[in-house]
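Chemist: Sending over a structure as structure tokens; questions will come in a sec.
The values are calculated or read from the model by the stated rules, or taken from the named source; none is laboratory data. Values in this document were obtained by computation on a predicted structure and should not be read as measured data. Please note: Cβ atoms are built from the backbone with ideal geometry, for glycine as well, and neighbour counts cover all protein chains shown.
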Amino acid sequence: MPHPLRAFRAFVDDRLGLPELRAKLMTGKILPKGTSWPQTLGYAALTLFVLQMLTGLGLAFHYSPSTATAYDSIRVFERSIPYGKITRGLHHYGASAMLILLFLHALRVFFQGAYKKPRELTWLFGLALFGCVIGLGFTGYLLPWDQKAYFATKVGVNMASQAPIGGHEIQQALYGGPDLGPNTLGRFYVLHILVLPLALLGLLALHLFQVQRHGITPPGLPVGARGEPGPRYHPTHTLKEALVALLVVGVVAYLAIQHGAPLEAEADPADLAYDPRPEWYFLGLFQLLKFFPGSLESLGAFWLPNLFLVALALLPFYDRNPERKLKKRPLALGLGLLFLVSIVSLTWLGAQDKPRHYRTPPHPLGASPEVKRGYLLVRREGCFSCHTYTDDRGEVYGETKEEDDAPDMADFDKTPQEMVDFLNDPESDIMPNFDHLKPEERLAIGRYLEVIRAK
């Protein structure tokens, strides 16, 4: 009599056809000769997508998609939830690593001519996947609702509004109103956790179906050539894929543990001194816009990027050269290298343009409305432009002191009531008076300073 577990496995295998599926996808699959390490990048990106889904699920359980609570929900998640800081770090660095791997994967496909007949749809689905991942990045970095999230998103949406047809409608649809606010955060949250992941899963299924249907492109052979059989997919190539995926996840984990995900002060739309910068993967476009000032802005923000995307999408249809070897594709090689040098140079130049604002500390967690009001007044009155503040973890905020005598914010030894009179008339040639503030506002500043002094 067969063992119950073996009988159950035989039942499942028979009904689902798992042995035939394994043989087709893994054990019985033979790869073309020359298939090696570059063909592992797609699997590594897929591994990171699974990591993003898992860490994103953990974040979603604790995130509060409201402009009043989003920022503090992230801070509480990092400080109070076990492994919360590492989880958010994995999600943050995993997103960047996934983009890098997809970019390298697309470069490999381009330079190896793997987009040519009959793999045109594989290329198109891959480009759409890349677009979805960029969309996930763009919608995701608004969710922490910090300074960078708010102002970088505002710049990005304004760039989208440069479209000559429907630009204003796109802006209104993303904002959910006349300006960036609570409706925007809600819409970006739905896009990030529901719409774009579902679109990505659908495109991923179509992309993998095409890969299974047409197989891996025989490296270096012309269109139509089948080539010689190479190694089995399993275990030879699956081992390489596993090693590369493990290496990538290890690097992401190291960055998450050592550095954590960045988080600036809570978004303050009234902070006109903030000098926004986009995420690193938009720095190239950010730099490109500098070459198209004024009335030419739409050329750099809309026309050039979109013409380039159209050219990429149509590449398999107008590149009729059947050869895949680079030495037989000099035009493709030259254009590919030109693009690579351009995008790397623009990104590097964009990274050199450092923001000119000082670091602003976050408000104390669990602060009362009065303390938070005092904190916001300190920010808006520009106090951190002269005074630094060192928190309990040794992080230093504020501008490099313009005045040597300006004490650290936590070093004020006056009571809140004493601060009311002191701020009205500091009796100092260096420090301005704040007599334009109401007594209750000066008291709120004193309450804030009392809280940070206690920490």
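Chemist: Inspect all residues belonging to the stretch 324-334 and state whether any of them is of a type in the set (A, V, I, L, M), touching a helix residue (DSSP H, G or I) at 6+ places or on another chain (Cβ under 9 Å) and within 27 Å of ILE134 (Cβ to Cβ). Walk me through it before giving the result.
Modeler: Taking the stretch 324-334 first, the residues of a type in the set (A, V, I, L, M) are 326, 331-333.
Narrowing further to those that are touching a helix residue (DSSP H, G or I) at 6+ places or on another chain (Cβ under 9 Å): 326, 332-333.
If we keep only those that are within 27 Å of ILE134 (Cβ to Cβ) as well, we get 332-333.
Within the stretch 324-334 (the criterion being of a type in the set (A, V, I, L, M), touching a helix residue (DSSP H, G or I) at 6+ places or on another chain (Cβ under 9 Å) and within 27 Å of ILE134 (Cβ to Cβ)), the answer is yes, since at least one residue qualifies.
Chemist: Examine the stretch 66-79 for a residue that is aliphatic (A, V, I, L, M), in the same structural domain as PHE317 (by TED's automatic domain parsing) and under 27 Å from GLY34 (Cβ atoms), and state whether such a residue exists.
Modeler: Filtering the stretch 66-79 down to residues aliphatic (A, V, I, L, M) leaves 68, 70, 74, 76.
Checking the rest, the ones that are also in the same structural domain as PHE317 (by TED's automatic domain parsing) come to 68, 70, 74, 76.
Those still in the list that are under 27 Å from GLY34 (Cβ atoms) too: none.
Within the stretch 66-79, none of the residues are aliphatic (A, V, I, L, M), in the same structural domain as PHE317 (by TED's automatic domain parsing) and under 27 Å from GLY34 (Cβ atoms).
Chemist: Here are ALA225, ALA199, ALA270: which of them is touching a helix residue (DSSP H, G or I) at 6+ places or on another chain (Cβ under 7 Å) and either farther than 26 Å from PRO305 by Cβ or not assigned by TED's automatic domain parsing to the domain that holds ARG320 (or both)?
Modeler: Numbers: ALA225 fails: touching a helix residue (DSSP H, G or I) at 6+ places or on another chain (Cβ under 7 Å); ALA199 fails: either farther than 26 Å from PRO305 by Cβ or not assigned by TED's automatic domain parsing to the domain that holds ARG320 (or both).
So the residue among ALA225, ALA199, ALA270 that is touching a helix residue (DSSP H, G or I) at 6+ places or on another chain (Cβ under 7 Å) and either farther than 26 Å from PRO305 by Cβ or not assigned by TED's automatic domain parsing to the domain that holds ARG320 (or both) is ALA270.
Chemist: Now for a separate question. Scan the stretch 415-424 and tell me whether some residue there is at pLDDT 90 or above, farther than 30 Å from PHE286 by Cβ, assigned to a loop (DSSP other than H, G, I, E, B) and not assigned by TED's automatic domain parsing to the domain that holds LEU283.
Modeler: yes
Chemist: Let me spell it out: the conditions are (1) under 20 Å from ALA265 (Cβ atoms); (2) touching a residue at least 40 places away in the same chain (Cβ under 8 Å); (3) part of a helix (DSSP H, G or I), and PHE384 meets all of them except one. Which number is the exception?
Modeler: (2)
Chemist: Mind checking whether some residue in the stretch 160-178 is touching a helix residue (DSSP H, G or I) at 6+ places or on another chain (Cβ under 8 Å), assigned by TED's automatic domain parsing to the domain that holds TRP280 and under 25 Å from THR360 (Cβ atoms)?
Modeler: yes
Chemist: Quick one: VAL157 ticks every box in (1) β-branched (Val, Ile, Thr); (2) closer than 30 Å to TYR358 by Cβ; (3) assigned to a loop (DSSP other than H, G, I, E, B) except a single one, so which number is it?
Modeler: Here VAL157 clears every test but (3).
Chemist: Identify, by number, the condition in (1) part of a loop (DSSP other than H, G, I, E, B); (2) in contact (Cβ under 8 Å) with a residue 12 or more places away in the chain that ARG393 doesn't meet.
Modeler: (2)
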